[in-house]
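Take a look at the structure set out below.
Any read-out appearing in this document is the output of simple, stated calculations on the displayed coordinates, not a laboratory observation. Every value quoted in this text rests on a predicted model; they were computed, and no experiment measured them. Please note: Cβ atoms are built from the backbone with ideal geometry, for glycine as well, and neighbour counts cover all protein chains shown.
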């Protein structure tokens with residue numbers, strides 16, 4: 001058996017150590033290269049165009065859209081206050097029939113009650129006639145006005161006021177003969193008699209008729225509705241947030257599919273109370289236009305100024321009402337106050353003048369991105385969190 005050279009046996013351990021060291025160096029370099037590649041995969045760098053626009057706050061016209069129903073400003077429901085047979089007046093009480101102020105809208109047969117009133121007035125006349133001889137004897141100085149009243153007394157005409165009593169003695173003297181009791185009883189009956197005929201309180205048209213001639217109507221029964229055709233009120237509903245911008249006297253434009261053109265009007269008043277069911281505020285407009293009808297629905301458009309605001313694209317807002325802005329070449333998320341959103345545009349406040357915001361959505365943009373000119377590059381974040 002051949003023996004190994006002694007020198008080789010001496011350096012054999014050193015050779016193994018050298019091989020291990022070289023292998024360790026190679027493995028370390030390979031691991032370092034893999035870690036660097038992994039880090040580069042975690043934070044890749046890429047360039048992208050970022051268009052910006054400079055904000056200038058100013059007065060912005062905001063359009064508030066509303067809708068509502070037109071109601072006749074003068075509209076009454078007619079109820080019977082007496083019982084009797086319903087009869088038409090000079091013109092039939094029917095829907096669409098126009099009446100002038102003072103015209104008889106409808107009548108209830110009053111012949112029986114009228115005769116009762118005439119009988120009571122005759123009884124009063126009798127009491128006055130019996131009073132005069134005693135009055136001429138006991139109060140000759142005050143008999144003149146009472147005699148004149150008696151001479152002009154008419155059973156078919158409404159009662160005139162009694163002559164005034166200048167002192168308590170005369171007043172008590174007349175009252176003891178039951179004159180005042182009779183007089184006010186007849187006056188009350190005349191008031192009731194007047195309710196058998198219902199007069200038009202203003203120029204208007206019958207909108208609802210619920211009675212036909214010949215039927216027996218009872219006290220409290222509804223007979224119809226009567227409305228003026230020249231004055232209307234439009235009630236609009238505005239969301240609570242938008243109602244804060246509406247003021248009395250603001251000009252408003254109204255339109256409808258039921259007529260051509262538009263109507264210009266002004267806000268008459270704004271309700272301070274909130275409707276709990278709709279969470280809206282009532283806005284009222286007075287109108288006078290021949291094209292309008294009671295119950296018609298209108299659309300309203302109101303331009304209101306918003307001070308110190310700007311208009312941006314709605315798509316620039318994120319879910320938390322923030323926009324991307326550029327400050328010292330760094331992208332940041334800037335919170336804004338959204339005043340209103342209309343279609344694709346939004347009116348916002350809270351962006352300082354001169355601020356540059358991203359003008360259109362850019363994929364991959366985030367807070368902390370550094371902008372070099374018009375090119376955006378990713379700046380690596382150190383473990384401490386500073387950028």
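Could you figure out which of (1) in contact with a strand residue (DSSP E or B) (Cβ under 6 Å, 6 or more places away or on another chain); (2) surrounded by fewer than 18 Cβ atoms within 10 Å (Cβ to Cβ) isn't true of residue 302?
(2)
Among the residues in region 82-100, are any closer than 30 Å to residue 212 by Cβ, loosely packed, with under 12 Cβ neighbours inside 10 Å and out of contact with any strand residue (DSSP E or B) (no Cβ under 8 Å at 6 or more places or on another chain)?
yes
In region 265-289, which residue that is within 17 Å of residue 67 (Cβ to Cβ) and in contact with a helix residue (DSSP H, G or I) (Cβ under 8 Å, 6 or more places away or on another chain) is surrounded by the fewest Cβ atoms within 10 Å (Cβ to Cβ)?
The selected residue is 279.
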